[in-house]
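The values are calculated or read from the model by the stated rules, or taken from the named source; none is laboratory data. All figures in this text were calculated on a predicted structure; none of them were measured in a lab. Every residue, glycine as well, gets a Cβ built from its backbone with ideal geometry; the counts of neighbours run over all protein chains shown.
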Amino acid sequence: MSATETALQTAAQRTEFGVQETRMAGVDTAGTALAAQARAMVESRYVMAMRKPRNWDEVRQKLLEECRRPSFAHNKSALYHKPIGDGVEGLGIRFAEVALRCMTNVLVETSMIYEDETKEVHRVSVTDLESNDTHYQDIPVRKTVERSKPDSDGGYISVRMNNRGRAVYTVPANDDDLLNKRAALISKALRMQALRIIPGDLQDEAEAIIRQVRLDQAAQDPNAERKRIADAFASVGVRVKDLEDYLGHGLDQFTPAELTMLRGLYGALKDGEATWKSVMENKVAQDAAGEKEESRPQPTKAKGSAVEKVREEAEQQRVADTKRTDPGAMVDAQDIVDAAAPPPGPTQQPIRPAPPKTRQRFEME
């Protein structure tokens with residue numbers, strides 16, 4: 001046996017995480033080298049997480065400091081407003097990214113696990129390296145987009161009619177369209193998985209601070225904020241008349257709370273969370289539900305005399321039941337009336353018949 005063969009069969013030892021591994025050293029192929037590299041990267045992350053654990057008080061301080069910055073609080077993706085029911089608001093992808101950076105020791109991975117001619121499937125995972133807690137989601141990305149007209153060669157995959165009676169064509173997506181679509185879907189999945197490992201109390205505090213910053217900015221200069229909101233909605237195809245129809249009054253009558261709500265709604269439109277069509281449809285549904293609730297007849301309340309009458313009849317029935325079960329327990333009916341009557345005035349003396357007559361009248365009844 002040559003010296004080279006002997007060297008290849010030499011045993012190698014490797015100690016890591018308190019475990020000793022012994023294997024025969026040999027010529028590593030490209031696949032083995034890549035696997036060893038990936039394994040070393042994962043192990044190094046966990047080692048650093050154990051050596052430098054996070055301080056939750058420091059994490060809270062850094063995160064809330066970021067939320068107090070006006071430029072961050074006014075970001076459309078920091079807090080969104082979706083037109084579902086009375087409105088659903090939540091923290092967006094920008095907050096999730098900042099929170100993960102402040103937390104440290106968090107691993108975010110995105111990988112393609114399937115692809116064919118019509119779609120891609122990407123896996124988005126978020127791992128807390130300190131608690132070894134992993135959350136992931138597989139998201140399909142179809143390689144198509146909708147357009148108002150077919151491709152330049154007249155081809156399309158399918159066609160449908162929108163609510164305005166116009167044709168909407170489904171055509172193959174080009175590289176730019178697919179890149180934007182993929183990035184938007186991955187960002188949504190990342191936000192959902194990141195919020196699962198961010199403590200809920202930190203999310204509540206951050207959301208309250210962002211709302212307060214937006215309200216303060218709108219209250220300080222409502223005219224400038226109104227112009228910025230109008231320009232922002234114009235960039236997504238929503239005109240001033242559409243905003244006035246949505247709110248039911250003119251732009252000059254906006255309140256700071258409405259301006260804050262519109263900023264969150266703009267974030268949902270910009271990120272593809274909603275469309276203006278869905279916004280108006282939800283408003284119509286909510287207005288119809290409110291009118292139906294107002295037209296519903298309200299139950300009439302019983303008058304005071306009727307309530308007292310019911311109480312008196314119930315008390316008399318109780319006394320009668322007591323007398324039948326225990327004839328020796330004689331109850332004076334006038335005592336019941338005196339207890340329900342208001343107290344006499346300073347000069348008024350209660351007039352009460354003699355007990356024998358009252359008891360006799362009660363027994364006759």
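What the table shows:
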{"item": "Test set (1) free of Cβ contacts under 8 Å to residues at least 60 places away in the same chain; (2) assigned to a helix (DSSP H, G or I) - S111 fails condition number", "result": "(2)"}
{"item": "Filter result (under 10 Å from T144 (Cβ atoms) and in contact (Cβ under 8 Å) with a residue 24 or more places away in the chain) within segment 157-180", "result": "T170, V171, P172, A173, D177, L178"}
{"item": "Answer residue from segment 263-289, given it is in contact (Cβ under 8 Å) with a residue 40 or more places away in the chain and hydrophobic (A, V, I, L, M, F, W, C) and is surrounded by the most Cβ atoms within 10 Å (Cβ to Cβ) among those", "result": "L265"}
{"item": "Residue identified as more than 30 Å from S111 (Cα to Cα) and either out of contact with any helix residue (DSSP H, G or I) (no Cβ under 8 Å at 6 or more places or on another chain) or not polar (S, T, N, Q) (or both) among Q193, Q212", "result": "Q212"}
{"item": "Test result for V236, on the phi < 0 side of the Ramachandran plot, exposed (fewer than 15 other Cβ atoms within 10 Å of the Cβ) and not aromatic (F, W, Y)", "result": "yes"}
{"item": "Residue among V145, V124 that alone is touching an Asp or Glu at 6+ places or on another chain (Cβ under 9 Å), surrounded by 12 or more Cβ atoms within 10 Å (Cβ to Cβ), within 30 Å of M50 (Cα to Cα) and among the hydrophobic types (A, V, I, L, M, F, W, C)", "result": "V124"}
{"item": "Matching residues in segment 34-84 - criterion: being aromatic (F, W, Y) and under 19 Å from V108 (Cα atoms)", "result": "Y46"}
{"item": "Given (1) under 30 Å from L262 (Cβ atoms); (2) in a loop (DSSP other than H, G, I, E, B), index of the condition R54 fails", "result": "(1)"}
{"item": "Segment 194-209 residues that are within 25 Å of Y136 (Cβ to Cβ) and at pLDDT below 95, paired with ones that are of a type in the set (S, T, Y) and part of a loop (DSSP other than H, G, I, E, B) (beta carbon under 8 Å, 6 or more apart)", "result": "none"}
{"item": "Output for segment 212-233, where each listed residue is touching a residue at least 40 places away in the same chain (Cβ under 8 Å) and in contact with a Leu (Cβ under 7 Å, 6 or more places away or on another chain)", "result": "A218"}
{"item": "Residue among S152, S77 that alone is within 17 Å of I210 (Cα to Cα) and assigned to a loop (DSSP other than H, G, I, E, B)", "result": "S77"}
